[in-house]
Amino acid sequence: MKRNYGEYFNVAHIELQSRIYGPGTRYVIWLQGCSLACEGCWNTEMWSFKAKDLIHRETLLKQILSATDIKGITILGGEPLHQESNLLWLLKKIRRQTNLTIFVFTGFEEQELQSQGLLGQLLEVCDMLAVGRYISSQRNTQQQWIGSNNQCILYSANSREKQKQQSVNEVEICINKDSSVRMLGFPNEELIRWVNVNSSK
Ligand code: SF4
C-alpha cells in the first residue's frame, strides 16, 4: 500500500546517532505511517498517515551526507515501504555516493516483498533487510535487531555488513534537555518499569 507525499518523506523521528539499530553507529530514520497493525506494536503513534514532519528527499539526502561519525543508515517505522518510491530513490543515492551501509526494517514478509516486485530492488541497495510482522506471542527481547522470533534478517549478496545477530538485549535511554526520558529499542518489562519509576522522580 503506497502513500504519496510527492518527493517528500513523511518522517516520524530521526536519531542522528544510535548504536542499537544495526552494526556500529548509525543515522536512524523512522518513517511515519503503517497499515500493518501488528497486535502489540511498540510504535502505534507511527501508524497514522497524517503528515508529521514532511522532509524533501533531497534535503534528507543532504542531511545524511553531512552526518559525521556514522557507519551507516537505518530506516524503520512505521512502515518504510509505504513510501517505497522515495525510499528506493534515497537508498540508491546513498549506495552510489557513499560507503555508508544500509539497513531497512520492514513488517512485510519476504514472500510479500517478492510478489510486489520489491525484494530484488531492496537487496540491490540494502546490506541488511529485517523482514516480517511483529507477533507478540513470539516476542523476543534477547535477540539483537528483531522484536519477535518469526522476524529475520536478510543479508544481500553484495552486503558489506558481516556482523551477525547476537543474543543480547540492547536499548538506549536518552535523557532530554527537559529531563524527560526517551527509550529506544525493545526493552523487557523490568526495564520499562525501571524507566517509569525513575522518570517520574
Ligand atoms: S509493521 Fe512495525 S510499525 Fe507497523 S504495526 Fe507492525 S510492528 Fe508496528
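The values are calculated or read from the model by the stated rules, or taken from the named source; none is laboratory data. Computed from a predicted model, the values in this text were never measured in an experiment. A quick note on method: Cβ atoms are made from the backbone with ideal geometry, for glycine too, and the neighbour counts reach across all protein chains shown.
Residues are listed down the side, and each one gets a yes or a no for (1) surrounded by fewer than 15 Cβ atoms within 10 Å (Cβ to Cβ); (2) charged (D, E, K, R); (3) in the same structural domain as SER18 (by TED's automatic domain parsing); (4) at pLDDT 85 or above:
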| position | (1), (2), (3), (4) |
| --- | --- |
| SER136 | yes, no, yes, yes |
| SER148 | no, no, yes, yes |
| ASN158 | yes, no, yes, yes |
| ASN176 | yes, no, no, no |
| ASN188 | yes, no, no, no |
| VAL197 | yes, no, no, no |
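Could you tell me which residue of the range 54-93 is nearest to the ligand (Cβ to nearest atom), considering only residues that are among the acidic types (Asp, Glu) and either within 18 Å of GLY120 (Cβ to Cβ) or surrounded by fewer than 18 Cβ atoms within 10 Å (Cβ to Cβ) (or both)? Checking each candidate, the answer is GLU84. Residues in the range 175-190 that are free of Cβ contacts under 8 Å to residues at least 40 places away in the same chain and closer than 17 Å to ARG19 by Cβ were compared, and the one that is farthest from the chain's Cα centre (by Cα) is ILE175. Please work out if SER167 is surrounded by fewer than 16 Cβ atoms within 10 Å (Cβ to Cβ), touching a Ser or Thr at 6+ places or on another chain (Cβ under 9 Å) and within 19 Å of LEU184 (Cα to Cα). Against the criterion (surrounded by fewer than 16 Cβ atoms within 10 Å (Cβ to Cβ), touching a Ser or Thr at 6+ places or on another chain (Cβ under 9 Å) and within 19 Å of LEU184 (Cα to Cα)), SER167 does not qualify.
Among the residues of the range 99-123, those identified as within 16 Å of the ligand (Cβ to nearest atom) and not β-branched (Val, Ile, Thr) are PHE103, PHE105, GLY107, PHE108, GLU109, GLU110, GLN111, GLU112, LEU113, GLN116, LEU118, LEU122. Given the condition in contact (Cβ under 8 Å) with a residue 40 or more places away in the chain and not in a helix (DSSP H, G or I), answer yes or no: does some residue in the range 191-201 qualify? No; the residues of the range 191-201 include none that is in contact (Cβ under 8 Å) with a residue 40 or more places away in the chain and not in a helix (DSSP H, G or I).
Counting only residues that are away from the ligand (no atom under 14 Å from the Cβ), part of a strand (DSSP E or B) and closer than 18 Å to LYS92 by Cα, the range 124-153 holds 1 of them.
Each row is one residue, and each column tells you yes or no for (1) more than 14 Å from the chain's Cα centre (by Cα); (2) under 25 Å from GLY147 (Cβ atoms).
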| position | (1), (2) |
| --- | --- |
| LYS50 | yes, yes |
| ILE75 | no, yes |
| GLU79 | no, yes |
| SER85 | yes, no |
| GLN114 | yes, yes |
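For ALA37, indicate whether it is within 16 Å of the ligand (Cβ to nearest atom), without any contact (Cβ under 8 Å) to a residue 24 or more places away in the chain and either crowded, with 20+ Cβ neighbours inside 10 Å or under 29 Å from GLN143 (Cα atoms) (or both). Yes, satisfied. Checked against the criteria, ARG96 counts as more than 16 Å from the ligand (Cβ to nearest atom), of a type in the set (Lys, Arg) and free of Cβ contacts under 8 Å to residues at least 24 places away in the same chain.
When the residues of the range 20-34 are filtered to those that are over 16 Å from ARG182 (Cα atoms) and within 11 Å of the ligand (Cβ to nearest atom), the one that is surrounded by the most Cβ atoms within 10 Å (Cβ to Cβ) is GLN32.
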